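The values are calculated or read from the model by the stated rules, or taken from the named source; none is laboratory data. Source: prediction; values computed, not measured. Methodologically, a virtual Cβ is constructed for each residue, glycine included, from the backbone with ideal geometry; neighbour enumeration extends over all protein chains shown.
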Amino acid sequence: MPQTILIIDDDRAVQRSIALALKQAGYRSESASSADEALAIVQKSSIDAVIQDMNFSRSTSGAEGLQLLERLKSDFPPLPVLLITAWGSVELAVEGMKRGAADFLLKPWSNEELLRRLETALQLASANVVGMAHHEKRQHEKQTALSGNVSRKQLDASYDFTGIIGEDPKLLAVLSVIGRIAATEAPVLITGESGSGKELIAEAIVRNSRRRDSTFVRVNMGGIPPTLFESELFGHVKGAFTGAVSDRKGRFDLAHGGTIFLDEIGDLDASSQVKLLRVLQERTFEPVGSGTTKTADVRVISATNRNLSTMIERGTFREDLLYRLNLISVHLPPLRERTGDIRLLAEHFLETASRQYSRQGVSFQPEALRWLQSRPFTGNIRELKHCIERTILLSAESRLTVQDFQTALAIESPEHRSNALPTVGTMTLDEIERGMILKALETFPGNVSRIAEALGLTRQALYRRLEKYGLHAD
């Protein structure tokens, strides 16, 4: 049976236009011109979603729309509500999102975009994850509540979480949520400390989505200078600027039909935030120097280790951009909050490093595993991985002890650094280069310019080496 959508707008022409678009897409619709009429319809009919204008009279304050939204979400919490507002009233739409709206559309809108956002809202409602982006303080509790008592075995039977190690309930809560929202088109914001595995979560969302066989484009937003933002993201044509010797596709163009992962989204400057917001709002962009408008058919996943709410309060991040990015928000717990997974992760990294460095047969002494589980690992999973790799390189023993780990840790600490190079034949040049990059990352965490300067590299050369060795600047 077709799903029924309630259209709330005092303009009959708007009602008819949206109703026609819905009919052509296979939906049924009902229309209301006032709040009272809308509430009466919802109470007596089976309504699957609401498309609601923010004003029903000559007043343009939006107060009526917010009041109706609050009433709908209070009386019918699971009901997804899409708001319609003008570009100049984006703040009003953001306030509506805070109060429980599923999404918002800006006037004038395209029917294609309206239907796309409606389908996503209905998918999320079906998955019972409506409102995951709201009330950030309760985000962790929502994730846990949605996970229920699901086990890792049950999750693996339903989804592909290859490469994600762990059985801690907090991790299972995250996996449960991303498994349920992966098949939707909803934009997802992944938050968490550096080294906690945000990119692995993004990859898992893609593998379980309808775009799994399409292009997956990764973009390190912190590595793009503001002057090159448009060229990198949207592309350019030959002659657009000095050095543009040929046409170049941007990241959104490369990701067309697939997924784009915007890592370190909190590092964007104000000007770049506006440009990104525009393409997310309108789903179109123009390459630099071109008058041709292109469509951005992409699923957007972003990640940050920053507190975007605090940045919004300080005026360094746009609130409307945040609500375009985090229709679904997922928080990845730090390793210190899932210490039960340290053993599983350590054994996985030991096996991988043993193969990589031809040290098959190496194992942990039980005391060494207990020592690892007692460590704070402020660098999270990445720090644990590096700790095990350093120790297996420095120790000649087949059973790694607490002393082996402490020795490796001491060698890396500033007060015990040695100028001596390793014995010839014990490490390759690539291993030495990777080790020096790791040391620079730990010395200047998150400071790309200082890391590049310390290593005698340009930022671009540093990023090429980070990609080569599977490392991250944060």
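Of the candidates Arg370, Arg375, the single residue that is closer than 26 Å to Ile437 by Cα and assigned by TED's automatic domain parsing to the domain that holds Leu441 is Arg375. Would the range 135-145 turn up any residue that is buried (at least 18 other Cβ atoms within 10 Å of the Cβ), at pLDDT below 80 and over 22 Å from the mean Cα position of the chain (by Cα)? So far as the range 135-145 goes, no, none of its residues is buried (at least 18 other Cβ atoms within 10 Å of the Cβ), at pLDDT below 80 and over 22 Å from the mean Cα position of the chain (by Cα). Looking across the range 86-124 at every residue that is part of a strand (DSSP E or B) and more than 21 Å from Asp48 (Cα to Cα), the one that is nearest to the chain's Cα centre (by Cα) is identified as Leu106.
Suppose we filter the range 328-348 for residues that are farther than 17 Å from Ser398 by Cβ, modelled with pLDDT of 95 or more and over 23 Å from the mean Cα position of the chain (by Cα); how many remain? Summing the residues that are farther than 17 Å from Ser398 by Cβ, modelled with pLDDT of 95 or more and over 23 Å from the mean Cα position of the chain (by Cα) in the range 328-348 gives 4. Residues of the range 373-412 being not aliphatic (A, V, I, L, M) and not in a helix (DSSP H, G or I), which ones? The answer is Arg375, Pro376, Phe377, Thr378, Gly379, Ser395, Glu397, Ser398, Arg399, Thr401.
Quick check on Leu344: is it in contact with an Asp or Glu (Cβ under 9 Å, 6 or more places away or on another chain) and outside the structural domain of Leu268 (by TED's automatic domain parsing)? Criteria met by Leu344. Pairs meeting the criteria (first residue in the range 361-389 and in contact (Cβ under 8 Å) with a residue 12 or more places away in the chain and surrounded by 14 or more Cβ atoms within 10 Å (Cβ to Cβ), second residue aromatic (Phe, Trp, Tyr) and part of a helix (DSSP H, G or I), beta carbons under 6 Å, at least 6 apart or on different chains) are Lys385/Phe349; Ile388/Phe349.
One residue alone among Asp10, Asp36, Asp75, Asp48 is closer than 20 Å to Thr120 by Cβ and among the acidic types (Asp, Glu), and that residue is Asp48. What residue, among those in the range 390-404 that are surrounded by fewer than 20 Cβ atoms within 10 Å (Cβ to Cβ) and hydroxyl-bearing (Ser, Thr, Tyr), is nearest to Gly446 (Cα to Cα)? Here the answer is Ser395. On inspection, Ser231 passes the criterion of being of a type in the set (Gly, Ala, Ser), assigned by TED's automatic domain parsing to the domain that holds Ser329 and either under 22 Å from Glu383 (Cβ atoms) or in a helix (DSSP H, G or I) (or both).
For Gly195, state whether it is assigned to a helix (DSSP H, G or I) and under 23 Å from the mean Cα position of the chain (by Cα). For Gly195, the condition - assigned to a helix (DSSP H, G or I) and under 23 Å from the mean Cα position of the chain (by Cα) - is not met.
Condition check ((1) surrounded by fewer than 21 Cβ atoms within 10 Å (Cβ to Cβ); (2) closer than 24 Å to Asp168 by Cα; (3) among the β-branched types (Val, Ile, Thr)) across all residues:
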| position | (1), (2), (3) |
| --- | --- |
| Met311 | yes, no, no |
| Thr316 | yes, no, yes |
| Arg324 | no, no, no |
| Leu327 | no, no, no |
| Pro334 | yes, yes, no |
| Arg338 | no, yes, no |
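The set of residues from the range 1-31 being crowded, with 16+ Cβ neighbours inside 10 Å and part of a helix (DSSP H, G or I) comprises Val14, Gln15, Ile18, Ala19, Ala21, Leu22.
Considering the range 437-474, the residues that are assigned to a loop (DSSP other than H, G, I, E, B) and among the small types (Gly, Ala, Ser) include one that is modelled with the lowest pLDDT, namely Ala473. Here Gly100 meets each of (1) at pLDDT below 95; (2) at negative phi; (3) of a type outside the set (D, E, K, R) with one exception, condition (2). For the range 215-228, a residue qualifies if it is assigned to a loop (DSSP other than H, G, I, E, B) and over 21 Å from Lys198 (Cβ atoms), and exactly one does: Pro225. What residue, of Leu72, Leu79, is surrounded by 15 or more Cβ atoms within 10 Å (Cβ to Cβ), within 18 Å of Tyr27 (Cβ to Cβ) and modelled with pLDDT of 85 or more? After ruling out the rest, the residue left standing is Leu79. Of the residues making up the range 219-233, those that are surrounded by 16 or more Cβ atoms within 10 Å (Cβ to Cβ), closer than 19 Å to Leu466 by Cα and in contact with a Lys or Arg (Cβ under 9 Å, 6 or more places away or on another chain) number 3. Scanning the range 234-253 for residues that are assigned to a helix (DSSP H, G or I) and surrounded by fewer than 16 Cβ atoms within 10 Å (Cβ to Cβ) yields a count of 0. Candidates Ala157, Ala182: the one that is among the aliphatic types (A, V, I, L, M), over 22 Å from Asn307 (Cβ atoms) and surrounded by 16 or more Cβ atoms within 10 Å (Cβ to Cβ) is Ala182. Scanning the range 283-307 for residues that are in contact with an Asp or Glu (Cβ under 9 Å, 6 or more places away or on another chain) and either farther than 30 Å from Ala240 by Cα or aromatic (Phe, Trp, Tyr) (or both) gives Phe285, Ala303, Thr304, Asn305, Arg306.
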